[in-house]
């Protein structure tokens with residue numbers, strides 16, 4: 001990792017860090033970014049009220065979306081031109097796009113934002129380490145140095161990390177880059193679900209058309225994927241990872257045999273969520 005930081009870039013480009021906020025949005029912004037820049041800018045123009053707004057007391061907002069566990073991808077720098085509270089004032093922001101809705105359901109802040117052209121060369125290319133406290137999603141850069149991991153030559157999706165290093169949340173699968181989804185659909189094998197609330201484990205297997213991705217979509221659709229013990233539980237969030245990738249010559253029965261071996265190894269029958 002480089003010693004060069006995002007703060008260094010701000011300083012070199014003449015930004016007053018005391019008037020700036022750096023914002024790492026949640027998965028909704030990542031989904032908007034992957035749809036289009038227009039949808040992202042619509043999304044970031046609506047924020048919480050009062051002290052909860054990420055732009056509080058700032059003149060500039062530097063926007064990031066989450067990548068992997070604690071990384072963040074830079075998706076734009078904006079001057080904050082104006083702000084107001086809806087419904088006290090009902091006009092829409094500059095970046096409002098009626099295609100994405102009016103957002104007229106509850107009280108919130110609205111912002112007129114303007115792109116900072118001297119940062120456009122970094123949009124979609126700059127990757128930073130946000131740090132351990134990803135819950136602190138809006139910060140003052142002067143108080144939080146952010147090491148730069150990479151500056152890419154071109155905008156591109158995150159490279160697939162490999163099957164052994166892959167991990168995600170079931171509900172985030174649809175937001176993965178298309179290249180990642182293609183990789184996960186191309187192979188099967190043995191996978192692990194971990195309940196976010198209890199840490200309990202479930203070992204399962206995927207085989208047939210659509211590989212891991214097709215199997216996991218069943219959990220995303222109904223929360224249990226047809227598993228009896230998961231059906232008995234209240235709705236829960238599961239982290240998913242891959243324990244073993246099946247070789248091309250393995251049959252469905254071979255993969256199920258490997259699934260059984262992993263259940264024994266991890267104790268997911270006695271102490272986890274496997275019923276058999």
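Filtered by the rule that a residue be in contact with a helix residue (DSSP H, G or I) (Cβ under 7 Å, 6 or more places away or on another chain) and surrounded by fewer than 14 Cβ atoms within 10 Å (Cβ to Cβ), segment 43-82 gives no residues. In a residue-by-residue description of segment 133-155, the property of being over 21 Å from residue 16 (Cα atoms) and in contact with a helix residue (DSSP H, G or I) (Cβ under 6 Å, 6 or more places away or on another chain) applies to no position. Pairs linking a residue in segment 249-276 that is not assigned by TED's automatic domain parsing to the domain that holds residue 192 to a residue that is surrounded by fewer than 12 Cβ atoms within 10 Å (Cβ to Cβ), with Cβ atoms under 6 Å and 6 or more positions apart or on different chains, are 275/228. For segment 165-191, filtered to residues that are in contact with a strand residue (DSSP E or B) (Cβ under 7 Å, 6 or more places away or on another chain) and not in a strand (DSSP E or B), the residue that is nearest to residue 9 (Cα to Cα) is 176.
From the set of residues in segment 146-164 that are more than 26 Å from residue 120 (Cβ to Cβ) and touching a strand residue (DSSP E or B) at 6+ places or on another chain (Cβ under 9 Å), which is surrounded by the fewest Cβ atoms within 10 Å (Cβ to Cβ)? Step through it out loud before you land on a result.
To start, the set of residues in segment 146-164 that are more than 26 Å from residue 120 (Cβ to Cβ) comprises 160-164.
From what is left, the residues that are touching a strand residue (DSSP E or B) at 6+ places or on another chain (Cβ under 9 Å) are 161, 163-164.
On the way: 161: 12, 163: 17, 164: 10.
Applying the filter and picking the extreme gives 164.
When residue 171 is tested against (1) farther than 20 Å from residue 35 by Cα; (2) under 16 Å from the mean Cα position of the chain (by Cα); (3) at pLDDT below 90, just one condition goes unmet, and that condition is (1).
The values are calculated or read from the model by the stated rules, or taken from the named source; none is laboratory data. Computed from a predicted model, the values in this text were never measured in an experiment. Backbone-built Cβ (ideal geometry, glycine too); neighbour counts: all protein chains shown.
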